[in-house]
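Q: I am attaching a structure below and will ask some questions about it afterwards.
The values are calculated or read from the model by the stated rules, or taken from the named source; none is laboratory data. Bear in mind that the values here come from a model prediction, so they are computed numbers and not experimental data. Positions of Cβ are backbone-derived with ideal geometry, glycine not excepted, and every protein chain shown enters the neighbour counts.
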Amino acid sequence: MTFSLFSLNLWNLNQDVGDRMRRLDTYLSNSKPDVACFQEVSPLELGGRPQTDLLCKQTPQMTRCYSAQTLWDDREEGLVTLCGLPLIAFDSFKLPRAPGDGQRQLQISVLKYRRQKFIIANTHLAFRENQDNVRVAQVETILRYLSSAAAHHGTDALILVGDFNATPQSPPVSKVLKDQLGLRDIFAKAESRRTQFTYPAEGTYAEAEATNRWIDYIFATDHFDVKSLGLSLNGGRTGDYVSDHVALEAIFHLAG
């Protein structure tokens, strides 16, 4: 089977949220990913529907899984996984908490296509640059939950995505890559890793003090062949930023 995956830190309700969501919905309506993972998602009003309900309106059959993650003043923020493939199990789990940060979480979705099961996990780690030690602890917790889910559902086909707030050579990313689960950074040798960034300082919505960093990832086990990958909503010819991050996209083939 071949399927497409999209991941983006959505930048919650900042600046022109309606216009940003319309541009993003137009993009997703054209690209039609099978699975879309979002971080930093907020309800449009406290206790209301998450802003991702404004997306994928052309594909209403997608299952929408929202996990509230933390509160910033009176604004809720969380994770969303949208699934166009059959979803057979879903859960979310708390991660170790960083000082001055909210409660971070992990979403685990178990999908099935014909007789094949595979797992997609979505997360957003502690955000302060000096909190690598906490992010390592969060990654260790994520890997334990993934290992348990893999054993319970009888599959080693695993994908982990999200905003790790950590660069490729950092301890949290190294912890993922050295684990016995066998996850690999699918962008590690890509041209985009050398020439682009997932948190670009020149982006339309970048903070004044922002520096170019690669902090968003798609990790996958060897059960998946990568057919294509790239960054999107990264300016390009049309200036199509919709967030302070850019999106990661991949097309996978799962043999079997």
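Q: Looking at Ala250, Ala188, Ala220, which is the one that is at pLDDT 95 or above, within 17 Å of the chain's Cα centre (by Cα), of a type in the set (Gly, Ala, Ser) and farther than 30 Å from Arg115 by Cβ?
A: That would be Ala188, the only listed residue that is at pLDDT 95 or above, within 17 Å of the chain's Cα centre (by Cα), of a type in the set (Gly, Ala, Ser) and farther than 30 Å from Arg115 by Cβ.
Q: So Tyr217 ticks every box in (1) touching a Ser or Thr at 6+ places or on another chain (Cβ under 9 Å); (2) among the aromatic types (Phe, Trp, Tyr); (3) assigned to a helix (DSSP H, G or I) but one. Which box is left unticked?
A: Failed condition: (3).
Q: So how many residues does the range 99-128 have that are farther than 18 Å from Ser7 by Cβ, in contact with a strand residue (DSSP E or B) (Cβ under 8 Å, 6 or more places away or on another chain) and either assigned to a loop (DSSP other than H, G, I, E, B) or of a type in the set (Lys, Arg) (or both)?
A: 5
Q: For Arg23, only one of the following conditions fails: (1) assigned to a loop (DSSP other than H, G, I, E, B); (2) modelled with pLDDT under 95. What is its number?
A: With respect to (1) assigned to a loop (DSSP other than H, G, I, E, B); (2) modelled with pLDDT under 95, Arg23 is out only on (1).
Q: Test Asp34 against the criterion of being acidic (Asp, Glu) and under 16 Å from the mean Cα position of the chain (by Cα), and give yes or no.
A: So Asp34 passes the test.
Q: Give all pairs with beta carbons closer than 6 Å in which a residue from the range 4-31 that is touching a residue at least 12 places away in the same chain (Cβ under 8 Å) and farther than 23 Å from Leu160 by Cα meets a residue that is surrounded by fewer than 17 Cβ atoms within 10 Å (Cβ to Cβ) and among the polar types (S, T, N, Q); count only pairs at least 6 apart in sequence or on separate chains.
A: Partner pairs satisfying both residue conditions: Ser29/Gln58.
Q: Could I ask something else about it? Looking at the range 43-67, which of the residues that are outside any helix (DSSP H, G or I) and under 15 Å from the mean Cα position of the chain (by Cα) is nearest to Ile119 (Cα to Cα)?
A: Cys65
Q: Next question, about the same structure. Filter the range 44-70 down to residues that are at pLDDT 90 or above and touching a helix residue (DSSP H, G or I) at 6+ places or on another chain (Cβ under 8 Å) and give me whichever is nearest to Asp216 (Cα to Cα).
A: For the range 44-70, the residue satisfying everything is Tyr66.
Q: Which of the residues belonging to the range 50-72 are under 16 Å from Trp11 (Cα atoms) and not hydroxyl-bearing (Ser, Thr, Tyr)?
A: Matches in the range 50-72: Pro50, Gln51, Asp53, Leu54, Leu55, Ala68, Gln69, Leu71, Trp72.
Q: For the subset of the range 154-179 comprising residues that are in a strand (DSSP E or B) and not β-branched (Val, Ile, Thr), which member is surrounded by the fewest Cβ atoms within 10 Å (Cβ to Cβ)?
A: Ranking the qualifying residues of the range 154-179, first place goes to Leu158.
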